[in-house]
Amino acid sequence: MYHDPSIFLVDKFVDGDTFWVLNKDQRRIKIRLIGIDAPEDRNAFNKRKHPFGAHSKAYLDSVLTRNPYLKLTFDIDSLDRYGRTLAYAFLNDGTFLNELLVKEGYATLMTIPPNVKYENRLLRAQQYARKHKLGIWDDRWQQND
């Protein structure tokens, strides 16, 4: 078992930007990744299901299945209005998960001050995904609302 309080074990998948973890004391915590927004795979929190939502969730599930231990860091606000813990996640190899999801087109930038520590880094990742039409930026996933 792990003893570092910044290391968490992924316990359950929710959607493309939310999942449950266990801390070193085996307490379950619902994590919402800071600075990003993944398309919804179902209608939730006044947001409509998006056709790309299932792909986004599947991608995060696959990344976390291969990398079940995460280092979580935090910003100014620690909880969102739904009681989820807001965090930045890093894989064992140092990959910044929030950035990876945006850069590969599985999530978009969503900045909510005061949690802006990595805003510029995430913006560059989104610019890359858009330029290369990755994931949600691929023309076939664009919705005409």
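The values are calculated or read from the model by the stated rules, or taken from the named source; none is laboratory data. Values in this document were obtained by computation on a predicted structure and should not be read as measured data. Counting neighbours? That spans all protein chains shown, and the Cβs are built from the backbone with ideal geometry, glycine included. To get the accessible areas, we keep the full protein, side chains included, count just its heavy atoms, and leave off ligands, DNA and RNA. Shrake-Rupley method; radii C 1.70, N 1.55, O 1.52, S 1.80 Å.
On inspection, residue 117 qualifies as assigned to a loop (DSSP other than H, G, I, E, B), of a type outside the set (A, V, I, L, M) and within 19 Å of residue 6 (Cα to Cα). Looking only at residues in the stretch 61-70 that are in a helix (DSSP H, G or I) and in contact with a strand residue (DSSP E or B) (Cβ under 6 Å, 6 or more places away or on another chain), the one that is most open to solvent (accessible area, probe 1.4 Å) is 61. Going by the structure shown, is residue 53 at pLDDT below 95 and closer than 22 Å to residue 23 by Cβ? No; evaluated as a whole, the condition is false for this residue.
Being surrounded by fewer than 16 Cβ atoms within 10 Å (Cβ to Cβ) and among the hydrophobic types (A, V, I, L, M, F, W, C) is the filter; apply it to the stretch 71-83 and report the residue that is nearest to residue 5 (Cα to Cα). This residue is 74. Cβ separations smaller than 7 Å between residues 6+ apart or across chains give the following pairs from the stretch 90-111 residues that are over 17 Å from residue 10 (Cα atoms) and in a loop (DSSP other than H, G, I, E, B) to residues that are at pLDDT 95 or above and of a type in the set (Val, Ile, Thr): 107/36; 110/36.
Flag: residue 105 matches the condition of being touching a Lys or Arg at 6+ places or on another chain (Cβ under 9 Å), under 13 Å from residue 60 (Cα atoms) and not β-branched (Val, Ile, Thr). Within the stretch 98-122, being in contact with a Leu (Cβ under 6 Å, 6 or more places away or on another chain) and of a type in the set (A, V, I, L, M) holds for 102, 107, 109, 122. Candidates 122, 86, 101: the one that is buried (at least 19 other Cβ atoms within 10 Å of the Cβ), closer than 20 Å to residue 142 by Cα and at pLDDT 95 or above is 101.
Condition first: over 14 Å from residue 39 (Cα atoms), modelled with pLDDT under 95 and not in a strand (DSSP E or B). Can you find one or more residues in the stretch 131-140 that meet it? Yes, there is a match, as at least one residue in the stretch 131-140 is over 14 Å from residue 39 (Cα atoms), modelled with pLDDT under 95 and not in a strand (DSSP E or B).
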